[in-house]
Amino acid sequence: MADYNNKAYWENLVKMSLSRYFVMYALSQKPMHGYDISKWIGEVTKGCCCPTEGSLYPMLKEFEKGNYVTSETLLVSGRERKVYTLTDKGLETLTIGKEVWGSTADIIQSTMQYSKENLLLCPVCNSKTRTKAYMDTELLNFPLFCPKCKKETTVNVRQLKITVV
Ligand SMILES: [Zn+2]
């Protein structure tokens, strides 16, 4: 079973999920060979979405088979290299990927905003309490139920102590 408390687990998950997108994104900038693709993604994403060496070439092979990229062998600085070019179909795929990842990023961002704005300090026991009230009400005073001390208090918006996680 995966160790979900291990940061590397989440980082690998992101890498696995996003590297396909970024390979296509890299090739939308200009035709590149494998090593350049890795280097380019590494720089642009600070390494977070770079495909592993073992996954890049099978991925490119798959893209070529599906006609998302084409390849030709060229002489690059005196060495024969397979250079990949994104096709129109690949460009279309990239647009779809951009839309999906873009809206996912927005959702993640908004939930982080939400939890920041909704973590309040209970005035009775001073523990962190999650509430929706602050977002949902225009009231100056709103009820806050604290799950820890089980007391319901009234919080004045002007006295809010908002803690940031
Ligand atoms: Zn409390």
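Per the conditions (1) assigned to a helix (DSSP H, G or I); (2) at pLDDT 85 or above, the sole criterion not satisfied by Tyr114 is (2). Of a type in the set (Val, Ile, Thr), more than 25 Å from Thr87 (Cα to Cα) and part of a helix (DSSP H, G or I), is that true of Val23? When the stated conditions are applied, Val23 does not pass them. Cβ separations smaller than 6 Å between residues 6+ apart or across chains give no pair from segment 1-24 residues that are within 16 Å of Lys46 (Cβ to Cβ) and not assigned by TED's automatic domain parsing to the domain that holds Ile96 to residues that are of a type in the set (A, V, I, L, M, F, W, C) and surrounded by 12 or more Cβ atoms within 10 Å (Cβ to Cβ).
Of everything in segment 62-77 that's surrounded by 12 or more Cβ atoms within 10 Å (Cβ to Cβ) and under 13 Å from Gly34 (Cβ atoms), which residue is nearest to the chain's Cα centre (by Cα)? Selected residue: Phe63. Candidates are the residues of segment 26-65 that are in contact with a helix residue (DSSP H, G or I) (Cβ under 8 Å, 6 or more places away or on another chain) and part of a loop (DSSP other than H, G, I, E, B); the one that is farthest from Lys89 (Cα to Cα) is Cys48. Thr131 - would you say it is modelled with pLDDT under 65 and within 16 Å of the ligand (Cβ to nearest atom)? Yes.
Under the condition of being free of Cβ contacts under 8 Å to residues at least 24 places away in the same chain and surrounded by 11 or more Cβ atoms within 10 Å (Cβ to Cβ), the residues counted in segment 51-61 number 2.
The values are calculated or read from the model by the stated rules, or taken from the named source; none is laboratory data. If you're wondering where the values come from, they're calculated on a predicted model, not measured in any experiment. Neighbour counts are summed over all protein chains in view; Cβ atoms, including those assigned to glycine, are modelled from backbone coordinates with ideal geometry.
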